[in-house]
Amino acid sequence: MTASQTALQDAAHLFTELVGGEPEGVWSSAGRANLIGEHTDYNEGFVLPFAIQYRTYAAARLRRDGVLRVASTFAPGAVELPVPALADAFGGSAGAAVAAGTVPEWAAYPLGVAWAALAAAGRAGTDVPGVDIAIASDVPVGAGLSSSAAIEGSVAAALNDLWRLDLAPLDLAKAGRRAENEAVGAPTGIMDQVSSIMGRADAATFLDCRSLETRSVDLGLEREGLVLLAIDTKVEHAHASGGYRDRRAACERGAAALGVPSLRDVGAADLDRARDLLDEVTFRRVRHIVTENQRVLDTVGALGASGPRAIGELLVASHASMRDDFEISVPELDTAVEAALGAGAIGARMTGGGFGGSAIALVEASAADAVADAAARAFADRGYTAPHVFAVVPSEGARRDS
Ligand code: GLA
């Protein structure tokens, strides 16, 4: 039995234990890794993430009353709220219900998605039946692989079917982002939700975060005998606070000073002017976004023209830009990248929001063990907690499993 089938069964068992009887169905959505394009999403730029094989499952069934009840293997007990109370809980200032302790943080993801999906479908304030939802996941938590987007995607897919909301995949992704921004209070972009929901096997999802157009980009890893490894540094990160929020604010400051709506509107040719106008730190933040957008476009071009072996240098340049200009790497992530490259990886970079989480490395399948060993040795030499190294396989996004 694969790990994911176990999580599927965990969700179904949890449902039976807490609610009784069988769920009406089980829906799931994937974790994600980002191949390239970091912190570009909330700057209306380009990203190229992929859904991974680790998934979150939501076992669900309609109730006769109007109560929404969620349970998960993350925390004991269930959290319930009458559907009409969702707007009171989440319609105020961002993250208020979580900050006040009215809704536990983990439950703000599924309940926030319910609130946002109803609003998106124009069904807020209408009479919708209650739902019982039991959630289980094998997406590593805290590894920067979007365990939260996987919860949002699985619950959004379940509610879309059970409530017959008729929302398109992109609308479900938007509802997930809204839940994260407004219900949970994390100021993230839309990359994770789009990737989790809209991923395809052996492909990455190219997303223009301004137009929200997506395109599946063939990776051809298996054909080429390559694998992508995740090197989880075990350094925990949080996006609701701290560095992520600061970087976002710096980007907004930079765009305002340059007189553009977002950094998407700044090109390489504008960087000289930006250097004159901005303070040194803000300039480097802006330069990361501008060069990273170009690297995403170049990566899509290189994949199409020459295949995955041609993107190594772009991955390495992306990491350097995050380390030196955007300053979101940590020594453990730099060590993971250096060790992977030293052991022959074609390319490697930290992935996700930064300040911890995972790096990814593109490697020959035959070199995967050597890269994992090199990372383990480098971490041991520096006295870091041992990293967890595993393959991340570009996989399908949200679906109904049963
Ligand atoms: C986190 C956020 C995303 C994106 C990345 C950085 O994963 O949730 O929206 O901003 O960081 O690329």
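The values are calculated or read from the model by the stated rules, or taken from the named source; none is laboratory data. Keep in mind the model is a prediction, meaning the values are calculated, not measured. All Cβ positions, glycine included, derive from the backbone under ideal geometry; neighbour counts span all protein chains shown.
Do we find a residue being away from the ligand (no atom under 16 Å from the Cβ), under 22 Å from the mean Cα position of the chain (by Cα) and assigned by TED's automatic domain parsing to the domain that holds ARG248 anywhere in region 323-330?
no
Tally time: how many residues in region 138-171 are within 13 Å of the ligand (Cβ to nearest atom) and surrounded by fewer than 20 Cβ atoms within 10 Å (Cβ to Cβ)?
1
Could you tell me which numbered condition ALA255 fails, if it satisfies all but one of (1) surrounded by fewer than 15 Cβ atoms within 10 Å (Cβ to Cβ); (2) touching a Ser or Thr at 6+ places or on another chain (Cβ under 8 Å)?
(1)
Being assigned to a strand (DSSP E or B) and at pLDDT 95 or above is the requirement here; does VAL113 meet it?
Taking the combined requirement at face value, the residue does not satisfy it.
Only one of these is surrounded by fewer than 19 Cβ atoms within 10 Å (Cβ to Cβ), outside any loop (DSSP other than H, G, I, E, B) and out of contact with any Ser or Thr (no Cβ under 8 Å at 6 or more places or on another chain): ARG223, ARG215. Name it.
ARG223
Looking at ALA94, ALA89 in this structure, which one is touching a Leu at 6+ places or on another chain (Cβ under 8 Å), closer than 17 Å to GLU180 by Cβ and surrounded by fewer than 22 Cβ atoms within 10 Å (Cβ to Cβ)?
It is ALA89.
Quick one: how many residues across region 381-394 are in a loop (DSSP other than H, G, I, E, B) and in contact with a Ser or Thr (Cβ under 9 Å, 6 or more places away or on another chain)?
Number satisfying all stated conditions: 5.
When only residues in region 343-374 that are part of a helix (DSSP H, G or I) and touching a helix residue (DSSP H, G or I) at 6+ places or on another chain (Cβ under 6 Å) count, which is nearest to ALA302 (Cα to Cα)?
VAL371
Quickly run through region 168-185 and pick out the residues that are part of a loop (DSSP other than H, G, I, E, B) and farther than 16 Å from GLU213 by Cα.
Correct list: GLY185 only.
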